[in-house]
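Structure first, commentary second.
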Amino acid sequence: MLSTEIGPGAVTAPAPVPDRRHRARRLTLALLLLLILTCILSLTTGASQASLWRALTHLYDGQELTTMDQIVLLDIRLPRLCMGILVGAALAVSGAVMQGLFRNPLADPGIVGVSAGAGLAAICAIVLGAFLPLSLQKILGSALVPVAAFLGGWGSTLLLYRVSTRGGQTSVATMLLAGIALGALAGAASGVLVYYSDDNQLRDLTFWGMGSLAGATWAKVLAALPIIGLALAAAPFLARGLNGMALGEAAAGHIGIPVQRVKNSAILAVAGATGAAVAVSGGIGFIGIVVPHLLRLATGPDHHSLLPNAALLGAALLLAADMIARVVVAPAELPIGIITAILGAPVFLWILLRRRGELSI
Amino acid sequence: MTQPPPSATAQLQAIDITVQLGRRQVLRQVNFTATAGRVTAIVGPNGSGKTTLLRAMTGEVAHSGQVYLNGADTARLSPWELAAVRAVQPQSSTIAFPFTVLEIVRLGLSAGLSAADSHVPLQALEAVGLHGFSGRMYQDLSGGEQQRVQLARVITQVWEPMVDGAPRWLILDEPVASLDIGHQFTVMDLTRNYAARGGGVVAVMHDLNLTAMFADHVVLMQAGAVAATGTPQEVLTDETLARTYSCPVPVNTTPPDKIPFLLPQARRRSSPVST
């Protein structure tokens, strides 16, 4: 029987073990390059002949850009690119944060009804916004829809957490079923609102159901930027707390994590990122579940690397999906939600099948 | 608020703890004291309130009464202040994501998973007999191995038993419940050693033999109250045990012929534990 000494120096320091942290850091660099590449491709693809290369050669030769090129590049593709990056990063990070919060890889704002809640609030804002006092409309301006979506997302995340968590344990079955109920309710309410909308509003509303980056304008980018930026900036501060929460809430508290504060901030971050993303691009599904899952397979569940890597991969993946959406049926365009669903739904099923035993639904 | 006596600076003290779960009173005005430098075991039959007492003292269940750790009221300390002084091992623990063993143990470092490279997690794994397991997936391990990984995480958190003259604490809920006899000794030796170097150890125990071998101080619970406290010699007697466990448990009596019995206690003579 070995008599065990503990304390520094008691055991000779063993050789360092290969460690997933280094791999995660290399992956961050690779993803950054991938994102840059996707951005360049995205600027150069599309129905119009305008291309970044042509624009750059023109500039290099000291020529003026044609008005056409200017409009296509600066007013159509560039805002669309920025919105794709924002929305992709927001969806992937809010998926990762929510999965950490619920301690479950199936929790995704799209699947559990947070997007539906945010969408409902956004529709309310579009249709009923005209009934708000003029002064309030003026203050909120183009931020009205994102702010409403944020509040809707926040409310549904809170509700979901209350319903599915008892004594620090989250029931996956309850969470998924509550998500279905929430989604159905939001769908029904949206259906009612559609009857009260005028033609203009109806056009805005149709766009929600599809989920698309096609409506990208600088105004929308600027409206979403502060909320998504804030949520993304908060994410790194959640990493340690979410890692600890993987042990369970009580154990997280015992290693010094202010559990309640982490939960509140995580819910706010999820609501902010999801709400703003839904507000500007409608319901784009599965990014939040596919991206964190792939990254966990590659470099493990440490949120210190998972969250930034999710932002990069989410942005790149959404830009790629957007390019596919623009190209396959050109000059028309597929809603991007169709592409992400085709890519994402099988992955979701795959996770579900692998974890069937543990879920006991 | 009652001020704890000055000697309490190296104690874990629970005063007047009452826990109500629904309409049932699980603990009734329990007083408990553990002193650093000793291994304190909480024993008692199923449902006597051992784990509830531990959870009340770690703030996991709502309770009335006060808990003082090294003389400070734990209700007034923040999670990180508490975490710097005491580490708590849960009875069982499932992990949500595919973490490796080393990643779990590193969570015990105060800066979390990505803390600066430290040898403490690897040394802790070695101390619980899991040398070479660091790259394995936690989920693929057996129950007993998972339990030892959790213990390694817990001792990583309070690796030094004394900091600036103040003891730190290991609070363990059935630390040897699913371990084989060899690893039961590994873990109990480790707790003894921690106490010998000045730290405090409080453990809920099921095995009375191990308790007799390793504890300095025993708190016997029965029906939500303390039935007896003292040294193992004082508490683990025929009469007290028979009364508390409602069955005869003869102490120090050789069983009748042909029933094999193990004497783990005998190992003390052959390989003395350094204290």
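Going through segment A:290-325 one residue at a time, which ones are open to solvent by less than 10 Å² (accessible area, probe 1.4 Å) and away from chain B (no Cβ under 14 Å)?
A:291, A:314, A:315, A:316, A:318, A:319, A:321, A:322, A:325
Considering only segment A:244-263, state which residues are facing chain B (nearest Cβ under 7 Å), open to solvent by less than 10 Å² (accessible area, probe 1.4 Å) and touching a residue at least 60 places away in the same chain (Cβ under 8 Å).
The answer is A:246, A:248.
Quickly run through segment B:200-214 and pick out the residues that are farther than 15 Å from residue B:51 by Cβ, modelled with pLDDT of 95 or more and either assigned to a loop (DSSP other than H, G, I, E, B) or more than 14 Å from chain A (Cβ to nearest Cβ) (or both).
B:200
Would you say residue B:98 is modelled with pLDDT of 85 or more, surrounded by fewer than 22 Cβ atoms within 10 Å (Cβ to Cβ) and in contact with a Phe, Trp or Tyr (Cβ under 8 Å, 6 or more places away or on another chain)?
yes
Take residue A:187 and decide whether it is crowded, with 20+ Cβ neighbours inside 10 Å and at negative phi.
no
Would you confirm, using the coordinates I've provided, whether residue B:105 is more than 7 Å from chain A (Cβ to nearest Cβ) and buried (at least 24 other Cβ atoms within 10 Å of the Cβ)?
Spelling it out, residue B:105 is indeed more than 7 Å from chain A (Cβ to nearest Cβ) and buried (at least 24 other Cβ atoms within 10 Å of the Cβ).
Within segment B:68-82, work out how many residues are within 13 Å of chain A (Cβ to nearest Cβ), part of a loop (DSSP other than H, G, I, E, B) and among the polar types (S, T, N, Q).
Selection size over segment B:68-82: 1.
Residue by residue, here is whether (1) over 25 Å from residue B:177 (Cα atoms); (2) assigned to a strand (DSSP E or B) holds:
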| residue | (1), (2) |
| --- | --- |
| B:19 | no, yes |
| B:27 | no, yes |
| B:31 | yes, yes |
| B:42 | no, yes |
| B:45 | no, no |
| B:51 | no, no |
| B:61 | no, no |
| B:66 | yes, yes |
| B:84 | yes, no |
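Consider segment B:72-112. How many of its residues are of a type in the set (A, V, I, L, M) and closer than 27 Å to residue B:144 by Cβ?
11
I'd like to know if segment A:50-73 contains one or more residues that are open to solvent by less than 10 Å² (accessible area, probe 1.4 Å), at negative phi and either modelled with pLDDT of 85 or more or of a type in the set (Phe, Trp, Tyr) (or both).
No, segment A:50-73 contains no residue that is open to solvent by less than 10 Å² (accessible area, probe 1.4 Å), at negative phi and either modelled with pLDDT of 85 or more or of a type in the set (Phe, Trp, Tyr) (or both).
How many residues does segment A:215-234 hold that are closer than 22 Å to residue A:336 by Cβ and surrounded by fewer than 18 Cβ atoms within 10 Å (Cβ to Cβ)?
Going through segment A:215-234 one residue at a time, the tally reaches 7.
Give just the number: which of (1) open to solvent by 60 Å² or more (accessible area, probe 1.4 Å); (2) closer than 19 Å to residue A:272 by Cβ; (3) not hydrophobic (A, V, I, L, M, F, W, C) does residue A:241 not satisfy?
The number of the failed condition is (1).
Does residue A:224 satisfy the condition of being touching a Pro at 6+ places or on another chain (Cβ under 9 Å) and modelled with pLDDT of 80 or more?
Taking the combined requirement at face value, the residue satisfies it.
Might you check whether a residue that is of a type in the set (S, T, N, Q), without any contact (Cβ under 8 Å) to a residue 40 or more places away in the chain and either part of a helix (DSSP H, G or I) or open to solvent by 40 Å² or more (accessible area, probe 1.4 Å) (or both) occurs anywhere in segment A:151-159?
Looking through segment A:151-159, none of the residues is of a type in the set (S, T, N, Q), without any contact (Cβ under 8 Å) to a residue 40 or more places away in the chain and either part of a helix (DSSP H, G or I) or open to solvent by 40 Å² or more (accessible area, probe 1.4 Å) (or both).
Could you grab me the full set of residues in segment B:161-198 that are within 8 Å of chain A (Cβ to nearest Cβ) and in contact with a Gly (Cβ under 7 Å, 6 or more places away or on another chain)?
Hits for segment B:161-198 are B:161, B:186, B:197.
One residue is enough: does segment B:192-199 have a residue meeting the conditions closer than 19 Å to residue B:51 by Cα and either touching a residue at least 12 places away in the same chain (Cβ under 8 Å) or of a type in the set (A, V, I, L, M) (or both)?
No: segment B:192-199 contains no residue that is closer than 19 Å to residue B:51 by Cα and either touching a residue at least 12 places away in the same chain (Cβ under 8 Å) or of a type in the set (A, V, I, L, M) (or both).
Just checking, which of A:177, A:134, A:86 is in contact with a helix residue (DSSP H, G or I) (Cβ under 6 Å, 6 or more places away or on another chain) and not β-branched (Val, Ile, Thr)?
Exactly one residue qualifies, and that residue is A:86.
Out of (1) part of a loop (DSSP other than H, G, I, E, B); (2) touching a residue at least 12 places away in the same chain (Cβ under 8 Å), the odd one out for residue A:310 is which?
For residue A:310, the exception is condition (1).
I need the full set of residues from segment B:117-131 which are open to solvent by 50 Å² or more (accessible area, probe 1.4 Å) and at pLDDT 90 or above, in order please.
Scanning segment B:117-131 gives B:126, B:131.
Hey, among the residues in segment B:173-183 that are of a type outside the set (Ser, Thr, Tyr), at negative phi and surrounded by fewer than 24 Cβ atoms within 10 Å (Cβ to Cβ), which one's modelled with the lowest pLDDT?
Looking at the filtered set, the residue picked out is B:177.
Considering every residue within segment B:143-151, establish whether at least one is aliphatic (A, V, I, L, M), assigned to a loop (DSSP other than H, G, I, E, B) and either surrounded by fewer than 23 Cβ atoms within 10 Å (Cβ to Cβ) or touching a strand residue (DSSP E or B) at 6+ places or on another chain (Cβ under 8 Å) (or both).
Among the residues of segment B:143-151, not one is aliphatic (A, V, I, L, M), assigned to a loop (DSSP other than H, G, I, E, B) and either surrounded by fewer than 23 Cβ atoms within 10 Å (Cβ to Cβ) or touching a strand residue (DSSP E or B) at 6+ places or on another chain (Cβ under 8 Å) (or both), which makes the answer no.
The values are calculated or read from the model by the stated rules, or taken from the named source; none is laboratory data. Because the structure is a prediction, the values reported are computed rather than measured. Please note: Cβ atoms are built from the backbone with ideal geometry, for glycine as well, and neighbour counts cover all protein chains shown. Heavy atoms of the whole protein, side chains included, go into the accessibility calculation; ligands, DNA and RNA do not. Shrake-Rupley method; radii C 1.70, N 1.55, O 1.52, S 1.80 Å.
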